[in-house]
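The values are calculated or read from the model by the stated rules, or taken from the named source; none is laboratory data. Just so we're clear, the structure is a prediction, and the values are computed from it rather than from any experiment. A quick note on method: Cβ atoms are made from the backbone with ideal geometry, for glycine too, and the neighbour counts reach across all protein chains shown. In case anyone asks, the SASA skips ligands and DNA or RNA and just uses the protein heavy atoms, side chains included. Shrake-Rupley method; radii C 1.70, N 1.55, O 1.52, S 1.80 Å.
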Amino acid sequence: MQVIRSIAELRAWRRSAGRIAFVPTMGNLHAGHLALVAAAHQYADQVVVSIFVNRLQFGQGEDFDAYPRTFADDCAKLDAAGVDVLFFPDERELYPRIKQDFNVEPPHIQNELCGAFRPGHFRGVATVVSKLFNIVQPDVACFGKKDYQQLHVIRAMVDDLNMPIEIVPVDTGRADDGLALSSRNGYLSTDERAEAPRLYRNLAAIRDALQAGDSNYVALEKTACDDLAAHGWRVDYVEIRQADTLEIAHAGEPRLVVLAAARLGKTRLIDNIEVRR
């Protein structure tokens, strides 16, 4: 695996690289990231992974400084997974003036769901991903469905900005007990880790109720919120939305997604589950 740190070197490599699949990450890699890499191999001759902890998508008081940086371990995992190039720029390389004057502004959905609790987060995501797309120039990019709202924002950005990139969604990687794999799971204490799968169980219960014909969305959402709160969670939201648009869902729609975010101790966990009827 080749490690490239400069934009100029990556662009020189890109000129003769053929068809490329790209997986952007912030490092601290786990099995979910490696599933994205495995999917990427199915779509291209060469696989590029980036590691960059993007300051722009962290809000005030969030864990930018404490976010785990595990470069040596990440390199070993990516090399074993057959990655061709790891793009590992420093902050000055990606943000020459540090302060980004021009940002990519996502649609109104950036202010809903997770965006309501993390103002500016999706602007930071869209801006850094657009920069990485411009640098890497991939044919295909793979994103996990766990960050469902992020996936929606990236798809919309690619469509709106006429980027010639196919966005491939990859199913959420889960532990045996259902917990969605996340770099932030490492923040959980032993007791919190045992409690954490409750989030997925509540989403699965809503899915089952919807598939059985229940159309009382408000009651289903409230039941899940109440159960989480009763077990010590601080719930940001549990919402049933249209799967394709993330607009408010109405009874009778065939494709839905149930999304949730809640804090367990100091750790904010997100998850979702798709519903087809």
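Please give, to one decimal in nm, the separation of the simple spin-label points placed at Q211 and E166, each 7 Å out from Cα toward the Cβ.
The modelled label-to-label distance comes out at 2.8 nm.
Would you mind calculating the gained length between S6 and A72 on full extension (0.36 nm times residue separation, minus the Cα-Cα distance), in nm to one decimal? Kindly include the intermediate steps, with their values, before the conclusion.
Details: separation 66, 0.36 × 66 = 23.76 nm, distance 1.85 nm.
Full-extension gain reported as 21.9 nm.
Relative contact order for the chain using alpha-carbon pairs under 8 Å, separation at least 6, rounded to a whole percent? Could the numbers behind the result be given before it?
Working: 464 pairs, mean separation 47.6, N = 277.
RCO, the chain: 17 percent.
How far is the Cα center of segment 167-186 from the Cα center of segment 69-98, in Å?
The distance from the Cα centre of segment 167-186 to that of segment 69-98 comes to 21 Å.
Can you compute the label reach from R92? Point 7 Å from Cα along the Cβ direction, backbone N cut-off under 19 Å, restricted to segment 1-28.
4-10
Give me the 1.4 Å probe accessible area per residue for the chain, excluding ligands and nucleic acids, in Å².
With all protein chains present, the chain gives 46 Å² per residue.
For segment 1-154, what is the per residue volume of the convex hull drawn over the alpha-carbon atoms, in cubic angstrom?
Numbers: hull volume 17.2 nm³, N = 154.
Convex hull of Cα atoms, per residue: 112 Å³.
Working from the pairwise distances between different alpha carbons, so that the mean of 1/r is found and then inverted, what is the chain's Kirkwood radius in Å? Could the numbers behind the result be given before it?
On the way: mean 1/r = 0.0509 Å⁻¹.
It works out to 19.6 Å.
Whose amide H sits under 5 Å from the amide H of L181, counting only residues 5 or more places off or on another chain, with H placed in the peptide plane?
Residues meeting the criterion, in which the H sits 1.01 Å from N, are G173, R174, A175.
Size of segment 225-277 along its principal axes in angstrom, Cα-based, largest extent first?
Taking max minus min along each principal axis of the Cα atoms, segment 225-277 gives 35, 17, 16 Å.
Compute the long axis of helix 217-230 from its Cα atoms, compare it with the longest principal axis of the Cα atoms of the chain, and write down the angle in degrees, 0 to 90, nearest 10.
Value to nearest ten degrees: 80.
Given only helices, namely DSSP H runs of n ≥ 4 each adding -39500 (n - 2.57), what is the per-residue ellipticity at 222 nm of the chain, to the nearest 500 deg cm²/dmol? Don't jump to the answer; show the numbers that get you there.
Numbers: 10 runs with 100 residues, N = 277.
The per-residue figure over the chain is -10500 deg cm²/dmol.
Hey, if we sort T267, T70 by accessible area with the 1.4 Å probe, largest down, what's the order? Could the numbers behind the result be given before it?
Details: T267 5, T70 45 Å².
My answer, sorted largest first, is T70, T267.
Work through the residues other than R201 whose Cβ is under 11 Å from its Cβ and net out their charges, Lys, Arg +1 and Asp, Glu -1.
Values: positive: R198, R207; negative: D177, E195, D208, D227, D271.
Taking every other residue near R201 into account, the sum is -3.
Per residue of segment 150-156, in order, report the coupling 6.51 cos²θ - 1.76 cosθ + 1.60 (Karplus, θ = phi - 60°) as ³J(HN,Hα) in whole Hz, putting x for Gly and Pro.
After applying 6.51 cos²θ - 1.76 cosθ + 1.60, I find 4, 4, 4, 4, 5, 4, 5 Hz.
If the cut-off is 19 Å between C-alpha atoms, which aspartates and glutamates fall inside it for K131, apart from same-chain ones fewer than 8 positions away?
E9, D90, E91, E93, D101, E105, D139, D159, D160, E166
Where Rh is the Kirkwood radius over the Cα pairs of segment 7-83, the temperature 20 °C and the viscosity 1.002 mPa s, what D in µm²/s does Stokes-Einstein return? Please report the intermediate quantities before stating the final value.
Working: Rh = 13.8 Å.
Reported coefficient: 156 µm²/s.
Just to check I understand the Karplus step: with θ = phi - 60° and J = 6.51 cos²θ - 1.76 cosθ + 1.60, what whole-Hz values come out for segment 122-132, glycine and proline as x?
6, 4, x, 5, 4, 5, 5, 5, 5, 5, 5
Provide the per-residue ³J(HN,Hα) series for segment 259-272, in order, calculated from phi with Karplus coefficients 6.51, -1.76, 1.60 and θ = phi - 60°, each as a whole number of Hz, with x at glycine and proline positions.
In residue order, the calculated couplings are 10, 8, 9, 7, 9, 10, x, 9, 9, 9, 10, 10, 6, 7 Hz.
Where both partners of a DSSP beta bridge lie in the chain, what percent of those bridges are antiparallel, to the nearest 5? Could the numbers behind the result be given before it?
Working: 20 of 39 bridges.
Expressed as a percentage, antiparallel bridges in the chain total about 50.
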